[in-house]
Amino acid sequence: MAGANKCFHGLGAMNFNPPGPIERLRAIGVTGGLPEALRIAFDPGADFEPVPAPQLGDWLAVHPEPGQTFDDFASSKPNKPGGIRNKIYLLPLGEFPKDRSPTVEILKEYAATYFAMKVEVFPLLAMESLKLTTRHNPFTKNRQVLTTDILIILKKRLPTDAFCLLAITMEDLYPEPSWNFVFGQASLRERVGVFSLARYDPAFFGNERGKDYPEVLLWRSCKVLVHETAHMFSLGHCIFFRCVLNGSNHLRESDSRPLSLCPVCLRKLQFSIGFDVVDRYRQLFNFYQRVAWDPEARWVANRLKRIVSQEATPDQLPKN
Ligand SMILES: [Zn+2]
Ligand SMILES: [Zn+2]
């Protein structure tokens, strides 16, 4: 979940101290007994940056979370796919006007690549067919839909072979009357969630859409999609590295977080899904090349080089 709380009072900035190198290693946990490729993939090495100190109004300044280490995660009975519950379902909710919406098919493809799982897309569900509580936001004057109403509807539609069901909407959302808005909300226990792309559109705030708007929207949509989906696997927000699981309180903050998983969060997802890390990076590389996201493609290529070359020369492996 991410959003802006109206209770923000700007005094929390000093409450969060970014963890140091030892705390970051402790968050990754002991990797000595793991296969070689995983040991290398979970080494913080040079490809990951520590989480920076939050600025006033940033997520960690307002919500100084304690963080979730890999060991915390593994011992928390996290939601895990398995048996027949092995598909991620996406549900487009409300209108997806062509000129200002991402293609759900590409989101499906990205989720399938990112989580190395089967992804199915529900037919679009019209908002008018549902009895959802709405309001007009006093600041933006735009319509907002109450997330808890949506979660109740999703819970009833959760297919038996679903690991989780996530609704995607172009409508703005709020989780309770005291909140200004929310980017997304999930119910871990019910394995359902909803997230909004409304605030990724400059026109939402009365600004002009740039020429690169479709590309920026897709990039932002992919990012919120994997952030919210990762929550369904019981991953908490990341406070250790710059990571797609960092919380975000505003657009600048969500734009600045990377699309990638840090070693702590990669280890959690790999533990849950059991994917081959090298194969997953290869598929991600192909996706990033296809959509011409060069910085992401370069980053993944570096990761692959590091893992594959170290695997080939075991003598050079760091000693645990
Ligand atoms: Zn979140
Ligand atoms: Zn992380």
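Any read-out appearing in this document is the output of simple, stated calculations on the displayed coordinates, not a laboratory observation. Only a predicted model underlies this, so the values are computations on that prediction, with no experimental measurement involved. Note that we place each Cβ from the backbone using ideal geometry, even for glycine, and neighbour counts take in every protein chain shown.
List every residue whose amide H lies under 5 Å from the amide H of residue 181, counting only residues 5 or more places away in sequence or on a different chain, with H placed 1.01 Å from N in the peptide plane.
Those qualifying (amide H under 5 Å, at least 5 residues apart or on another chain) are 4.
Among 130, 38, 197, which one moves the most in a GNM of the chain with springs linking Cα atoms closer than 10 Å?
130
Pairs of Cα atoms under 8 Å, at least six residues apart: use those to get the relative contact order of the chain, whole percent.
25 percent
Based on a Kirkwood Rh over C-alpha pairs, give the Stokes-Einstein translational diffusion coefficient of the range 71-204 at 20 °C and viscosity 1.002 mPa s in µm²/s.
In µm²/s, the coefficient rounds to 136.
When the helices in the chain are scored as -39500 (n - 2.57) per DSSP H run of 4 or longer and the sum is shared across all residues, what 222 nm value do you end up with, to the nearest 500 deg cm²/dmol?
About -11000 deg cm²/dmol.
With charges set only on the Cβ (+1 for Lys and Arg, -1 for Asp and Glu), what does the dipole of the chain come to about its Cα centre, in debye to the nearest 20?
Around 440 debye, computed over the chain.
What residue among 236, 32, 193 has the largest mean-square fluctuation in a Gaussian network model of the chain, using Cα springs under 10 Å?
Residue with maximal mean-square fluctuation among 236, 32, 193: 32.
Using a 10 Å cut-off around each Cβ, can you sort 194, 62, 121, 30 from fewest to most neighbouring Cβ atoms?
Fewest to most other Cβ atoms nearby, the residues stand as 30, 121, 62, 194.
Given Cα pairs under 8 Å that are at least 6 residues apart, what percent is the relative contact order of the range 204-320?
15 percent
Across the range 248-260, in residue order, what do the Karplus-derived ³J(HN,Hα) couplings come to in whole Hz, using 6.51 cos²θ - 1.76 cosθ + 1.60 with θ = phi - 60° and x for Gly and Pro?
So the Karplus estimates, Gly and Pro as x, are 9, 10, 7, 4, 4, 5, 5, 5, 7, 7, x, 7, 8 Hz.
Based on the alpha-carbon gyration tensor of the range 1-157 and its eigenvalue square roots a ≥ b ≥ c, which shape applies: rounded if a/c is under 1.5, prolate if not and a/b is larger than b/c, or oblate?
oblate
So if we plug the beta-carbon distance of residue 289 and residue 136 into 1/(1 + (r/R0)^6) with R0 = 30 Å, what FRET efficiency do we get, rounded to 0.05?
Computed FRET efficiency for residue 289 and residue 136 comes out at 0.10.
Which angle between 0 and 90 degrees, to the nearest 10, do you get for helix 104-115 versus the longest principal axis of the chain when only C-alpha atoms count?
Roughly 30 degrees between the two axes.
Taking the Cα atoms only, what angle lies between the long axis of helix 147-157 and the longest principal axis of the chain, rounded to 10 degrees?
70 degrees
With a bin width of 20 angstrom, please list the P(r) values of the chain as percents of all Cα-Cα pairs, from the 0 bin to the one holding the largest distance.
Distribution as computed: 32, 60, 9, 0 percent.
Would you pull out the residues with amide H under 5 Å of residue 120's amide H, same chain only if 5 or more places away, H placed 1.01 Å from N?
Those lying under 5 Å, H to H, from residue 120 are 88, 89, 90.
Can you put 122, 183 in order, fewest other beta carbons within 10 Å first?
Ranking 122, 183 by Cβ neighbours within 10 Å, fewest first, gives 122, 183.
Using the Karplus equation 6.51 cos²θ - 1.76 cosθ + 1.60 (θ = phi - 60°), what ³J(HN,Hα) coupling, rounded to whole Hz, does each residue of the range 121-136 give in order, writing x for Gly and Pro?
10, 6, x, 4, 9, 6, 5, 5, 7, 10, 9, 10, 6, 10, 8, 9
Starting at the first residue of the range 83-90, write each ³J(HN,Hα) from the Karplus equation 6.51 cos²θ - 1.76 cosθ + 1.60 with θ = phi - 60°, in whole Hz, x for Gly and Pro.
Result, rounded to whole Hz: x, 7, 7, 10, 10, 9, 10, 10.
Cα axis of helix 263-273 to longest principal axis of the chain: angle in degrees, 0 to 90, nearest 10?
Relative to the chain, helix 263-273 is tipped by roughly 80 degrees.
Once you have a ≥ b ≥ c as the square roots of the Cα gyration tensor eigenvalues for the range 13-63, tell me rounded if a/c is under 1.5, and otherwise prolate or oblate according to whether a/b is larger than b/c.
Prolate, since a/c reaches 1.5 and a/b exceeds b/c.
With a cut-off of at most 12 other beta carbons within 10 Å, and DSSP calling the residue loop, which trypsin sites (Lys or Arg not before Pro) in the range 148-257 qualify? Please list them.
Within the range 148-257, the qualifying trypsin sites (Lys or Arg not before Pro) (loop, at most 12 other Cβ atoms within 10 Å) are 189, 211.
Decide, for the range 142-271, between rounded, prolate and oblate: order the square roots of the alpha carbon gyration tensor eigenvalues as a ≥ b ≥ c, take rounded if a/c falls under 1.5, and otherwise choose prolate if a/b is larger than b/c, else oblate.
Here the range 142-271 falls in the oblate category.
Subtracting the Cα-Cα distance from 0.36 nm times the residue separation, let me have the gained length for residue 255 to residue 49 in nm, one decimal.
Here the segment from residue 255 to residue 49 would lengthen by 72.6 nm.
Have a look at 90, 251, 259 and tell me which one the Gaussian network model of the chain (Cα, springs below 10 Å) gives the largest fluctuation.
In this elastic network of the chain, the residue with the biggest mean-square fluctuation among 90, 251, 259 is 251.
Arrange the following residues from fewest to most other Cβ atoms within 10 Å of their Cβ: 227, 136.
With the sparsest Cβ surroundings first, the list reads 136, 227.
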